[in-house]
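Written out below as structure tokens is the structure these notes cover.
Bear in mind these aren't lab numbers, they're just calculated from the coordinates by the rules spelled out. Owing to the predicted nature of the structure, the values given are computational and were not obtained by experimental measurement. Every residue, glycine among them, receives a Cβ derived from its backbone with ideal geometry; neighbour counts consider all protein chains shown.
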Amino acid sequence: MPNGIRCQSPSRMRYRSLTRAIFVAAVSVCTSAPLGSGQFSAAASDLAIGQQAAGGRSSARTPSSVVLKVHVLLTSDGADPAGDGRYADRYPKTIRVEASAAISNRISAYGAAYRVWVAPKGWTGTAAVGGDSSTDVDLHPPNGSASRGPRFHYENSGGCAGCALDGAAPYFPAAMQRWTELFGYDKPAPLSSDLKIVRVSQELVMYSSSNARDLLMRGVAHFDSSEPSFEKTEFILPRTDEELLTFLVQRFVSAKH
């Protein structure tokens, strides 16, 4: 492959093996309101998310505004190797989120990679930002890990155009076509056969897997062909937390759709 096309930062090299297998988890915080249940369900009926029970909502599931304290986590910044990793001045002290009472007491806000993320309460994690601005964020329970069990993963390609095409090609025909035009060999690894994909738009897809016995995985992939840039967010949670999983994934879709 031509030099300069697949510029991999240390953080991207760290996660390259993960993007070749079944993927890990993530979701971004956003300020826009969630999609209406009907609109979201129509786009993602195969994922069985976003559906509301007939007959209205109970007060416990009526969204209201809640304030979450931002817990700052370590970020490794390739452009600032001497930094202490906290960068607390880069984040707000609190954020406001629209969530039902059934959800609001189960979520927290985390500052990592200079953004704020909403994930299950009591988690921890780390983030890495490469010299090309590529980003990886991993969150998980204190006794968990970024590679197994409940977890959250976010990644974006930053300024690496080759990384963007490599990541996006399995999800987006336009990215695969561009990859073939440029390289014509060494195609990116195909997606796992158990992955169910719902195409929301030309630039946005949702995917899911319930292969693990006790866990559900939901993810969102976004490709901007004009840059090009690619980002992906995934959550893996216990089956008993499906309502929370739906809420977290829907927030990211709402931000991109």
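Counting the residues of segment 136-156 that are basic (K, R) and touching a Gly at 6+ places or on another chain (Cβ under 7 Å) gives 1. Candidates are the residues of segment 73-108 that are more than 22 Å from the chain's Cα centre (by Cα) and acidic (D, E); the one that is surrounded by the fewest Cβ atoms within 10 Å (Cβ to Cβ) is D89. The single condition among (1) over 17 Å from the mean Cα position of the chain (by Cα); (2) within 30 Å of D241 (Cβ to Cβ); (3) not small (G, A, S) that V205 does not satisfy is (1).
How many of the residues in segment 132-148 are touching a residue at least 24 places away in the same chain (Cβ under 8 Å) and assigned to a loop (DSSP other than H, G, I, E, B)? Lay out the reasoning, then the answer.
Step one: filter segment 132-148 for residues touching a residue at least 24 places away in the same chain (Cβ under 8 Å), giving 132-139, 146-147.
Right, trim to assigned to a loop (DSSP other than H, G, I, E, B) and you get 132-134, 146-147.
Summing the residues that are touching a residue at least 24 places away in the same chain (Cβ under 8 Å) and assigned to a loop (DSSP other than H, G, I, E, B) in segment 132-148 gives 5.
Step by step: first the residues of segment 208-235, then only those that are within 30 Å of K121 (Cβ to Cβ), charged (D, E, K, R) and more than 16 Å from the chain's Cα centre (by Cα), then the one that is surrounded by the most Cβ atoms within 10 Å (Cβ to Cβ). Which residue is that? Among them, the one singled out is D214. Is one or more of the residues making up segment 132-139 among the hydroxyl-bearing types (S, T, Y), in contact with a Lys or Arg (Cβ under 8 Å, 6 or more places away or on another chain) and surrounded by fewer than 15 Cβ atoms within 10 Å (Cβ to Cβ)? Within segment 132-139 (the criterion being among the hydroxyl-bearing types (S, T, Y), in contact with a Lys or Arg (Cβ under 8 Å, 6 or more places away or on another chain) and surrounded by fewer than 15 Cβ atoms within 10 Å (Cβ to Cβ)), the answer is no, since none of the residues qualifies. Filtering segment 88-114 to residues that are of a type outside the set (D, E, K, R) and part of a strand (DSSP E or B) leaves T94, I95, V97, A99, I107, S108, A109, Y110, G111, A112. Going residue by residue through segment 115-131, is there one that turns out to be of a type in the set (S, T, Y) and outside any strand (DSSP E or B)? Among the residues of segment 115-131, not one is of a type in the set (S, T, Y) and outside any strand (DSSP E or B), which makes the answer no. Which number in (1) without any contact (Cβ under 8 Å) to a residue 40 or more places away in the chain; (2) surrounded by fewer than 22 Cβ atoms within 10 Å (Cβ to Cβ); (3) within 19 Å of the chain's Cα centre (by Cα) marks the one condition that T126 misses? Of the numbered conditions (1) without any contact (Cβ under 8 Å) to a residue 40 or more places away in the chain; (2) surrounded by fewer than 22 Cβ atoms within 10 Å (Cβ to Cβ); (3) within 19 Å of the chain's Cα centre (by Cα), the odd one out for T126 is (1).
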